[in-house]
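The values are calculated or read from the model by the stated rules, or taken from the named source; none is laboratory data. Here the structure is a predicted model, which is why all the values come from computation and not from measurement. Because the Cβ atoms are built from the backbone with ideal geometry, glycine has one as well, and the counts that use them run over all protein chains shown. Just the protein is used for accessible areas: all its heavy atoms, side chains included, with ligands, DNA and RNA removed. Shrake-Rupley method; radii C 1.70, N 1.55, O 1.52, S 1.80 Å.
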Amino acid sequence: MGEMEDLRVTACTRCPDLVDCRSRIVNGTGPDDADVLFVGEGPGANEDEQGEPFVGRSGTVLDDQLRAVGLDRETVRITNCVRCRPPENRDPTTEELENCREYLEREIDLLDPDVIVTLGKVPSEHLLDRSVAVTKEAGDVVDVRIEGTPRRVLICVHPAATLYDRSQEETFATTLQRAADLAGVDGSDNGGGQTRLDGF
Ligand code: URA
């Protein structure tokens, strides 16, 4: 394992292309005891610049929908399959995914989340170890073993998919609602209002 203190990778040079492309390693963000772990594909330009996952347009889509279901960004953990930006935003290769897997597995192990939400095809296929038709399977909960431990994976479309295909907005919203339900979050009075039955 490369140098790592807890959940953070501070030095790694396993992937030559990514080492060339990155300006920094982008670690996961959020509480180390969060109930929900979101896993994306890898950092893009904004994430590479700011050192945090999902801070660009996809991040705005994710943040908005998290808020809508009563799961604020500050309460969940967000990470990626690979922690360094691939050149020209290409998909990470199988080898790169393998190189970084140990860091992801360690993050999952230390966090021990109630549910892992895979954002898009790459993280879904990486964690389920099979091909996944994300649009069709979004919202499905799949039990998998990760390093021998049973984990609950909720398949989700990538937030960016909602920017290109409006019909995916509802799929994304429904899936995040399911994540909130699985984590036991009640978003019914989200926004500070009282529920309708209050006072009765
Ligand atoms: N897309 C991803 O998959 N991960 C990020 O961190 C940002 C965009």
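Is region 68-131 rounded, prolate or oblate when judged by the Cα gyration tensor, a ≥ b ≥ c being the square roots of its eigenvalues, rounded requiring a/c under 1.5 and prolate requiring a/b larger than b/c? Prolate, because a/c is 1.5 or more and a/b exceeds b/c.
Scalar couplings 3J(HN,Hα) for region 11-24, obtained by applying the Karplus form with A = 6.51, B = -1.76, C = 1.60 to θ = phi - 60°, are 8, 7, 10, 6, 10, x, 4, 6, 4, 5, 7, 6, 9, 6 Hz; x denotes Gly and Pro.
Kirkwood radius, the chain, all distinct C-alpha pairs, inverse of mean reciprocal distance: 17.1 Å. Projecting the Cα atoms of Cys84, Val36, Gly59 onto the charge dipole of region 1-157 (Cβ charges, centred on the Cα centre) puts Gly59 farthest toward the positive pole.
Summary value for the chain: 22 percent relative contact order, contacts being C-alpha pairs under 8 angstrom separated by 6+ residues. Using a probe of 1.4 angstrom and keeping all protein chains present, the accessible surface of region 1-149 works out to 47 square angstrom per residue. Taken as Cα centroids, region 13-64 and region 104-170 sit 16 Å apart, rounded to the nearest whole angstrom.
Helix-only estimate, please: 222 nm mean residue ellipticity of the chain, summing -39500 (n - 2.57) across DSSP H runs of length 4 or more and dividing by its residues, to the nearest 500.
On the way: 8 runs with 73 residues, N = 200.
One gets -10500 deg cm²/dmol as the mean residue ellipticity at 222 nm.
Taken about its Cα centre, region 42-111 carries a charge dipole of roughly 180 debye when the Cβ of each Lys and Arg holds +1 and the Cβ of each Asp and Glu holds -1. Taking trypsin sites (Lys or Arg not before Pro) across region 60-103, the ones in a DSSP loop with at most 12 further Cβ atoms lying within 10 angstrom of their Cβ are Arg90. Each Lys and Arg adds +1 at its Cβ and each Asp and Glu adds -1 at its Cβ; summed about the Cα centre, the chain shows a dipole of about 400 debye. Over region 1-107, the Kirkwood radius and the radius of gyration, each from Cα atoms, give a ratio Rg/Rh of 0.96.
Computed over protein heavy atoms with a 1.4 Å probe, the carbon and sulfur contribution to the accessible area of region 1-145 reaches 39%.
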